[in-house]
Amino acid sequence: MTARSYDESDVRIRASRRTRPRTKDRPDHADAVEGRVIAVDRGRTTCLILEHNKPITAMKARELGQKSVVVGDLVSLVGDISGTEGSLCRIVSVHPRSNVLTRTVDDAAAFERMIVSNVDQIAIVIAAADPEPRHGFVDRALVVAFDQGITPLIVVTKCDLADPSQFLAPYTTLKVPSIRIQRGADLTELKEKLEAKRTVLLGHSGVGKSTLVNALIGDDVRATGDVNITTGRGRHTSSSAVALSLDSLPHDKGTWIIDTPGVRSFGLKHVERDRVIRAFSEFNEAIEHCPRNCSHDEEDCALNHWELTDESKARLANLRGLLGER
């Protein structure tokens with residue numbers, strides 16, 4: 001048997017996969033329209049077109065990344081913006097944000113997660129009992145609110161089970177407003193606080209946040225759950241953030257609430273140390289007398305020799321606890 005000889009006819013040339021040369025030029029999307037994100041769930045985003053207040057379904061452009069869009073964002077949209085069933089458009093850019101509400105999911109890894117953006121007010125929802133309210137959670141939420149220039153409001157539910165006066169005392173000194181609610185109560189005072197604002201509701205699972213949303217909207221739009229008897233914590237009932245309108249006005253003029261999933265932890269690893277301290281403004285004068293680079297948890301700290309009320313002592317313990325976690 002003789003070896004076969006090869007020639008050029010035996011060479012196979014694979015056809016190019018691209019029919020035209022690649023370019024770095026990108027479209028300028030001059031025809032894009034502006035919308036606001038009102039829900040993000042499993043890769044699909046619901047937006048309101050600001051021109052006619054119509055909800056549409058959109059997906060993010062690949063270059064924006066997986067976690068780049070949150071409820072409250074102003075975005076530019078291209079494609080089918082008719083809002084008809086089955087239509088889908090594309091988010092091609094996110095406008096600069098006026099503020100963001102973020103939390104650290106894992107302090108050890110400092111993994112920061114955005115919750116919402118471009119809000120006017122944060123309603124920190126706690127229960128007077130079942131589950132018991134925690135100063136640590138409220139203080140963490142206030143740190144982020146003060147840091148981002150978001151007006152805070154404390155909403156206490158289940159006040160028919162316990163009197164929250166003692167718990168609220170430190171925040172009364174700080175002039176943080178609070179509203180007390182019990183099941184079946186009139187919500188006029190709360191509605192007045194929410195009027196003409198975009199308010200995000202933040203709270204642990206089981207505090208009655210979704211029940212409160214349903215009462216404000218007047219319909220069972222959010223699932224509700226109970227407190228786990230074994231752990232004393234609530235069960236997650238809302239799986240994603242969603243913005244809900246309390247009136248029929250355009251999105252930038254009307255009253256909107258943003259319900260968020262119940263949080264188990266609210267870390268502050270992403271907030272710089274000095275910004276955490278600034279949130280405890282009642283200690284500013286004392287801190288001016290602290291030694292240089294004071295950790296605020298050492299013998300020479302001026303806070304140890306400052307005249308403090310019982311409420312201030314509790315707040316100082318919370319501040320030192322937050323700084324110690326860092």
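The values are calculated or read from the model by the stated rules, or taken from the named source; none is laboratory data. Here the structure is a predicted model, which means the values were calculated and not measured. Cβ atoms come from the backbone with ideal geometry, glycine included; neighbour counts cover every protein chain shown.
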Restricting segment 247-276 to residues that are touching a residue at least 24 places away in the same chain (Cβ under 8 Å) and of a type in the set (Ser, Thr, Tyr), the residue that is surrounded by the most Cβ atoms within 10 Å (Cβ to Cβ) | Thr260
Could you list, in sequence order, all residues of segment 154-170 that are in contact with a helix residue (DSSP H, G or I) (Cβ under 7 Å, 6 or more places away or on another chain) and surrounded by fewer than 21 Cβ atoms within 10 Å (Cβ to Cβ)?
-> Ala169
How about segment 277-305: which of its residues are assigned to a helix (DSSP H, G or I) and surrounded by fewer than 14 Cβ atoms within 10 Å (Cβ to Cβ)?
-> Ser281, Asn284, Glu285, His305
State all residues of segment 15-48 that are surrounded by 14 or more Cβ atoms within 10 Å (Cβ to Cβ) and modelled with pLDDT under 90; if no residue qualifies, say none.
-> His29
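Criterion first (at pLDDT below 90 and surrounded by 18 or more Cβ atoms within 10 Å (Cβ to Cβ)) does Ile81 satisfy it?
Yes, satisfied.
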So which of Ala123, Ala215, Ala169, Ala196 is closer than 30 Å to Ser68 by Cβ, among the small types (Gly, Ala, Ser) and outside any loop (DSSP other than H, G, I, E, B)?
-> Ala123
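Going residue by residue through segment 254-268, is there one that turns out to be of a type in the set (Lys, Arg) and either modelled with pLDDT of 95 or more or assigned by TED's automatic domain parsing to the domain that holds Asp130 (or both)?
No, segment 254-268 contains no residue that is of a type in the set (Lys, Arg) and either modelled with pLDDT of 95 or more or assigned by TED's automatic domain parsing to the domain that holds Asp130 (or both).
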Taking Leu142, is it closer than 17 Å to Ala279 by Cβ and in contact with a strand residue (DSSP E or B) (Cβ under 8 Å, 6 or more places away or on another chain)?
-> yes
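For (1) touching a residue at least 12 places away in the same chain (Cβ under 8 Å); (2) under 24 Å from Gly324 (Cα atoms); (3) among the polar types (S, T, N, Q), each residue gets a yes or a no:
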position	(1), (2), (3)
Ser93	yes, no, yes
Leu101	yes, yes, no
Met114	yes, yes, no
Gln121	yes, no, yes
Asp130	yes, no, no
Phe137	yes, yes, no
Gly149	yes, no, no
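Could you please give the count of residues in segment 171-194 that are among the basic types (Lys, Arg) and farther than 27 Å from Ser281 by Cα? Working first, answer last.
Initially, segment 171-194 is screened for residues among the basic types (Lys, Arg), giving 175, 180, 183, 191, 193.
Going one step further and asking which of them are farther than 27 Å from Ser281 by Cα, we end up with 183, 191.
Selection size over segment 171-194: 2.
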Run down Arg134, Arg90 and say which single residue is over 13 Å from the mean Cα position of the chain (by Cα) and under 27 Å from Asp31 (Cα atoms).
-> Arg90
If we scan segment 273-291, do we find a residue that is of a type in the set (Gly, Ala, Ser) and closer than 30 Å to Glu192 by Cα?
-> yes
Considering Val176, Val207, Val156, which residue is over 15 Å from Pro131 (Cα atoms) and either within 21 Å of the chain's Cα centre (by Cα) or of a type outside the set (Asp, Glu) (or both)?
-> Val176
